[in-house]
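What follows is calculated from the coordinates using simple rules that are stated; it is not laboratory data. The model shown is predicted, which means the values in this text are computed figures rather than measured ones. Here the Cβ is made from the backbone with ideal geometry for all residues, glycine too, and neighbour counts use every protein chain on show.
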């Protein structure tokens, strides 16, 4: 079975094209729809959905949310349908944040691949292995906010959904054969019901704690925090992702040298080009602020959640881990897919307070998936 139509994708950029798409969806009843989005997070600080790709009955539609269109009628028609998506979490978060969209049913091909024990779960790898389709990912980090879209970008966007029906058929068949279709259905339902954030948030309390900051001295961390705050402010002003203003590597290098007493920006930020004037001004201000901090205000390392010293809990976790590892090996699953540390701890804590052998009750008390609870309780 092939899911790629010979017809060109339909660009939906005006009300007439949108009305035609809505009529098509109405005529299809409650048939499943393949869905993907393209955003501009690699090019803008305030990321947004720049394109919606839909596949319905073999036809592909590319809906432009940057055009003067109201997406509400379209999203209202998509909400009750079964959506075929790959790695849906990010797309659903953006659509919920920007459009208050909530899906009601989902088949996530990435989750399916994980539950089947596939080593490579990216869309490109799955299409190549299961359908023999070579997916060109050259435009994965393109600036999707630019208009008009090039022909290559249109083809790229269309391919991301055109093959999803056939991929879903392949994965669904294997899940059913493996007896894991209900596992997948539960995970998709949990994703659909996840508490997505309502608005953009920036973690000013801990966002500056870049990888490696725990290994720095408290004084060096003070400079990291000051430079991170300056970078965020400049990135917001320019509407650029922070890494395009100043990479983490350059920021950390500068923080270490500045904490050691270096003042020269050329030494702090080596490279082929000096810092732009406005950024250089912000950086100098940030460095001065960090130098003025007394040691009592230098930030300490990020503390992990305090280890639970309850020996009974630790024994229960280890016992469940042994069961998890045996089950994972038998099922040819990554142990982390079956149950990570947080799942094991939640299950162990629930069992200590209520030593039930009922997986439904364990799932309810611990918050873990029922299928995971069933595997952890089985001998």
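Computed quantities for the displayed model
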{"quantity": "Rounded FRET efficiency, nearest 0.05, which uses the C-beta distance separating residue 120 from residue 326 and R0 of 25 Å", "calculated": "0.50"}
{"quantity": "Rg/Rh ratio calculated on Cα atoms of region 209-253 (Kirkwood radius)", "calculated": "0.99"}
{"quantity": "Protection-proxy order for peptides 267-273, 232-238, each taking the mean of Cβ atoms within 10 Å per residue, highest first", "calculated": "232-238, 267-273"}
{"quantity": "Region 10-192 shape via C-alpha gyration tensor axes, a/c threshold 1.5", "calculated": "prolate"}
{"quantity": "MRE, 222 nm, helices only [DSSP H, n ≥ 4, -39500 (n - 2.57), over the chain, to nearest 500]", "calculated": "-16000 deg cm²/dmol"}
{"quantity": "With eigenvalues of the C-alpha gyration tensor scaled by 5 and rooted, region 213-297, Å", "calculated": "20, 14, 12"}
{"quantity": "Relative packing of 320-330, 179-189, 108-118, which averages over residues the other C-beta atoms within 10 Å, highest first", "calculated": "108-118, 179-189, 320-330"}
{"quantity": "Calculated on alpha-carbon atoms, Rg and Dmax of the chain in Å", "calculated": "24.9, 70"}
